[in-house]
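Comments concern the structure below.
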C-alpha cells in the first residue's frame, strides 16, 4: 500500500533528522536516537520477512550478532578497515541465512519458528563459548569507530548523523521494494502461496531471498552497533532480543515500513522511562505484545487510525461493518 | 480417438493418480486443440479438480504423461508450468486479500517481467519503465473484465462475482497460452453467469485456448467446443456437446434425463 503524498514523508524525515542534529546538544538523547536507529534497521528487515512475506524468524538476533562480531573481530583483532569488515559481516550473515534458510524455509509456521529459534540459540552459544575468537561471555572490546574521509564517528552526535542517514536510505529502499515486482510477489506468497505459484512465482526461492535480505539488514545494524559501542558481548544477541524484535514489529504494525520506526522507537524509549521496572522488563514486553495483539492487531499506527475512523463513524450515526 | 500431436496444445496420456486406496484419476487421456474451449464435467468427486492440479503442477501423476506445447510437464513445479504459459483460477477463489485489485493483477505479470529484489529496492530507470508497463498491462486486463474503476480498492472487499472476474483478469494478465478455469460460475447469479459466458466467448474469439471445469450445464453447452466427462476418475465420454448430450452413459452418470432432446 503506497502511502499518500509519498515524497513528503521522506522530506519530513530528512528535515526532522537535520533539525535534531542542528539544535539538540545532549549526548544522552543522541545515544538513545542511535539505538532507535539501529533497532529500526533490524525491525524493518524483520518486518519484510515477517510482516510482508509472512515467514517468522525467532532467531534474528543471531544475524545481528554475526554482523557485530564479524565487524568486531576483524577490526579489533585483525586490524581490518571497519567498512571492509562491515561488508565481510554482510557476507557472513548472508551466507549463514542462505545455508539455514534452505532447510528451514521448507517448514511453515511454528516449525519455522522453532528452527530459527534453534539457530539463534546455537549462535548465542558459539559467541559465548568460542572465547579465543569472541572473547567469551565477557565480550570483545577495543573495537574502533567508523570513520569517513578523516572524520571519525566517535561522538553520539556524529554517529547519529551516520546511523540516521543510513536508516533513511534503508527505509526508502524498503518502501521501494514492497511496491515493486518482487515486493508484490513477496506479499502475494504471504496471502496465497498456491495462487502465487500458479502465476509463476517460485515461492521457495523468494522466501530464501527475502530471508537473506532481512539478515543483511540485521548484519548492517550489528556492525553499526559494534562500532557505536566499541564493545560487544553475547548477552546483546540472545533469544530475548529476538523476541523483543518481534514485539517491535507487531507493535509498529505488520507489513508497515513506517510502523517499524514507531515500534522500534517506542520499545527503545519505554525501558528508559520504566527503569524502575527494570527487572520486569520482559514481563512488560510480553504484556504489551498481548495487549497489542488483542486490541490493535494491525499495530499502533493503523490500529489507532482504525479506532479514530470507527469513532468518527459512530459519531455520524453510522455502523461499522466488516 | 488418436491424439494428433501437431494439432494438440495440451494432451493427457493415460494419467493416473490415487490417494491411498481412492483412485482419483484413472488412465485419463484427452487433448485440447489450440483455440478451442473444452469443458470437463462430471459429478462431485469425479476427479475434475484433481485433474487441474495435475496439469498445473500442484500434484504429480503416478503414471502417464501430460504434454503441453510439445513438452512433458507432469511433475514439474507449479511455477515452472505457469511460466510456460498455463494460467489457472481456483474453485475457491484465491486472491491476494491484502493487496489492491490492481496489485493482484500486477502479480499476474510476474512471469513476463524480470526486476529482482535489488532492482526493486534501488528503482533503476529500467525498473521504473518495466513497472509502468506492468501497470498498463494490468489495467488493460482489468478493463477487459470490467473492473478498471475498482483498481484501487482492496481485493478482499469485492463481492464474490467480481472476485471471480478479478481472478480471471489476474490469469489473463499473464498472457497465457492455455487458460484453466475451475468452476468459474459457482456462486454467481444469473446476470454474472451471463457476463462470464460473454467473457469466455470473447476470449475464444481472440483465439485463447480454454479448459474449464464447470457444473453449470447451460454455460458449458453454450461455450464449449468439446466436452470431456469424468466419472469416478475415469473418462467416460469425450466429444462435441451434442454427442455428449445424447451419450447414454453420460446421461446415466450425470446429466439426468432432462438433457435428452
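Each value in this text was obtained by applying a stated rule to the coordinates, not by laboratory testing. Just so we're clear, the structure is a prediction, and the values are computed from it rather than from any experiment. Cβ atoms come from the backbone with ideal geometry, glycine included; neighbour counts cover every protein chain shown.
Summary of values
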| quantity | calculated |
| --- | --- |
| Debye log10 I(q)/I(0) at q = 0.08, 0.15, 0.16 Å⁻¹ for region A:6-242, Cα point scatterers | -0.31, -1.02, -1.13 |
| Relative contact order of region A:6-242, defined on C-alpha pairs under 8 angstrom at six or more residues apart (%) | 40 |
| Segment residue A:151-residue A:129, length gained on full extension (0.36 nm per residue, minus Cα span) | 4.3 nm |
| Antiparallel bridge percentage (DSSP; both residues within chain B; nearest 5) | 55 |
| Highest-MSF residue in chain A out of A:150, A:79, A:113 [GNM, Cα springs under 10 Å] | A:150 |
| Cβ-based exposure ranking for B:15, B:25, A:301, in which fewest neighbours within 10 Å come first | A:301, B:15, B:25 |
| Packing-based exposure ordering (other Cβ within 10 Å, fewest first) of A:29, A:110 | A:110, A:29 |
| Alpha carbon centroid spacing (whole Å) that separates region B:77-115 from region A:82-106 | 30 |
| Using a Förster distance of 30 Å, the FRET efficiency for residue A:23-residue A:273 (Cβ separation, nearest 0.05) | 0.85 |
| Choice from A:234, A:137, A:82 with maximal GNM fluctuation in chain A (Cα, 10 Å cutoff) | A:137 |
| Mean separation of Cα contacts under 8 Å (6+ apart) over length of chain B, as relative contact order % | 26 |
| Theoretical FRET efficiency, 1/(1+(r/R0)^6), r = Cβ-Cβ of residue A:78 and residue A:240, R0 30 Å, to 0.05 | 0.50 |
| Contact order normalised by residue count of region B:117-261, Cα under 8 Å, 6+ apart, percent | 14 |
| Sequence of B:165, A:114, A:248 once ranked by neighbouring C-beta atoms within 10 Å, starting from the fewest | A:114, B:165, A:248 |
| Angle in degrees between helix A:257-273 and the longest Cα principal axis of chain A, rounded to the nearest 10 | 60 |
| Pairwise FRET efficiency - residue B:19 versus residue A:141, Cβ, R0 = 56 Å, nearest 0.05 | 0.35 |
| Counting DSSP beta bridges with both ends in the protein assembly as shown, the antiparallel % (nearest 5) | 60 |
| Beta bridges by DSSP in region B:139-261, antiparallel share as percent, to the nearest 5 | 50 |
